[in-house]
Every structure is written in structure tokens, then in C-alpha cells.
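Report on the structure given below.
Please treat every number below as a calculation from the coordinates, not as lab data. These numbers come from a predicted model, not from an experiment. Cβ atoms come from the backbone with ideal geometry, glycine included; neighbour counts cover every protein chain shown.
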Amino acid sequence: MKKKLTLNDILRMKSKEKIVVITAYDALFASLIEESADIILVGDSLNMSFAGEEDTLSATLNQMIYHTKAVCKGAPNSLIITDMPFGTYNNKDEALKNAVKVYQQTKAAAIKIEGGKERAHIIEHLTKNSIAVVGHIGLMPQFVRSEGGYKVRGKTQEDIEQLIADAIAIEKAGAFCIVIEGVVSDAAKAITEAVTIPTIGIGAGGETDGQVLVWSDMLGFFTAFVPKFVKQYMQGAGDVKTALAQFCTEVKSGKFPEEKHTY
Ligand code: KIV
């Protein structure tokens, strides 16, 4: 049986062993992902993959709790992190109230919140109240409407310095890990070197302490567009369509069910 990693195990992996994070939204996929990932992230990206929405902003806390419960059931030996959805951590009291709800209703080990320096006081309030927190800086999907799109960060020295200051503030506030998304590789390297907690990259090059991908991207189920940072390890959508078409053909022709499928 797989050993469930603790937050301290993750902290110890920095600069020693790359940390593998994969998203999951349901029990079935979580049970498959559990075999390989160090951490499972119940990302609010589920609002796009699962709910078919254009962005993550309409995900709700109850939706995140529902999916986190399913993932925890499917992957009982995994360290599970849940995204706090947009609008649920605007101030420290709101953040604590909602994070406590996640802890009380699911078995998630930690929550993830987007934002830099300006949200460090919220992270500090959470960690001081026994909630384990993962930060998320760089391209932050919850800011897509206010920023007017998804923009790669770390292209100028000024921006790199801001990102480093964000990461340091998040570490000081007590987060045990930081996701760095959509950041130029050299900038992500500089951020990783500036903090003592592990960094997990997505679209941030190969110098972070770990990598995270969304399961439906990496398995080729999401094909509307393939971001530059995604590697497809299988052609999920194509294989599923082929299998479904074969089922239809066999039902229509009477080839399915065969004797062995019949009571
Ligand atoms: O929501 C999500 O899946 C995420 C990852 C992209 C890091 O936050």
C-alpha cells in the first residue's frame, strides 16, 4: 500500500526529489492517480473540465467540497490539496471560516489560495489557526477577468522582483509550498532559489521543485486547445471516441453482447 506523504515529507523533498502533483476531481480517477502522484490537487479547474464553464470564477465552496470528498474516498493514501474558489478568501475571517468548512467536511490536508504579498496576511491567519496552506503566484486563473486575460509573468526584472517578494511573503506567512503558474523559466528558477519551501511549477519551466498538470490536459482528454506547457501522455479523447464508436457499431450489428456477456 502506498505511504501517505505528510507536509513534512513534501518540505524535505525540496532540491532532493521532484514533487509530482496531478489534479483529480472524482473518486475513480483519484484512485488511478494515487498510484503515481505525490500530491493530488482538487483544482478549481474542475469548473472548466467538469462543469464546462469558461473560467474558474463560478466554482463554489460546496462544489469544491463535493469533489474533494470524492477524491479523498478514491485516494485515501494521498496527500490532497483543495483549491479555495474565487471569492471565498477575500478577508481573513471569511478565509478561515471557509477553510474550516473544508477541513471539517473533507479529509483534505491543505488548501490552496491564489495571490501574492497582498494576501500574505490571510495565509498567516490561516496557518496560525492550524490550516495548512499552499500559495499560488504568477499567472493566477482567478484573476483572469480583472487582468483581462491569462498573461505569462516574469518577463521583466521588475516583475521577477515582485514575484520573488510575493513568494518570500507567502513563505513567511507560513505556507508549506507554492504553485508557480505561467512564469518564464528563469524567473521561476529565481523564485525557487529565493525560498526554502518547495515550488511546484505549471508552465514555469523545469527548475521548480515539482510539476503539476491537470489530468484532462496530460491525458489528452481536453483537446479544444493544448497550451504550450502541456505534454499529452495519451490521446484520451481519441481513444474514448474510438471505443464508443465501436460499441455503437457492435450494438447496431448485434455483435454485442456475446454469449460470455449473457446470464
Ligand atoms: O485549478 C487547478 O487545477 C490549478 C492548477 C492548474 C495548479 O490550480
Got a sec? How would 36, 49 order by Cβ neighbour count within 10 Å, fewest to most? 36, 49
Determine the shape class of segment 7-232: with a ≥ b ≥ c the square roots of the Cα gyration tensor eigenvalues, call it rounded for a/c under 1.5, and otherwise prolate if a/b is greater than b/c, oblate otherwise. rounded
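What ranking do 45, 31, 78, 130 get, fewest neighbouring Cβ atoms within 10 angstrom at the top?
Numbers: 45 21, 31 17, 78 25, 130 10.
Placing the least packed residue first, the sequence is 130, 31, 45, 78.
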Within a 10 angstrom radius of the beta carbon, how do 178, 122, 65 rank from fewest other beta carbons to most? 65, 122, 178
In the chain, what percentage of the DSSP-assigned beta bridges are antiparallel, given to the nearest 5? 5
Given contacts defined as C-alpha pairs under 8 Å and at least six residues apart, what's the relative contact order of segment 7-232, whole-number percent? 19
Please compute P(r) over all alpha-carbon pairs of segment 1-122, binned at 5 Å starting from zero, and give each bin as a whole-number percent. 2, 12, 21, 22, 20, 15, 7, 1, 0
What range in the chain is the longest one free of GluC sites (Glu not before Pro) that are in a loop by DSSP and have at most 11 other Cβ atoms within 10 angstrom? 55-257
What is the distance in Å between the Cα centres of segment 221-263 and segment 71-120? 35
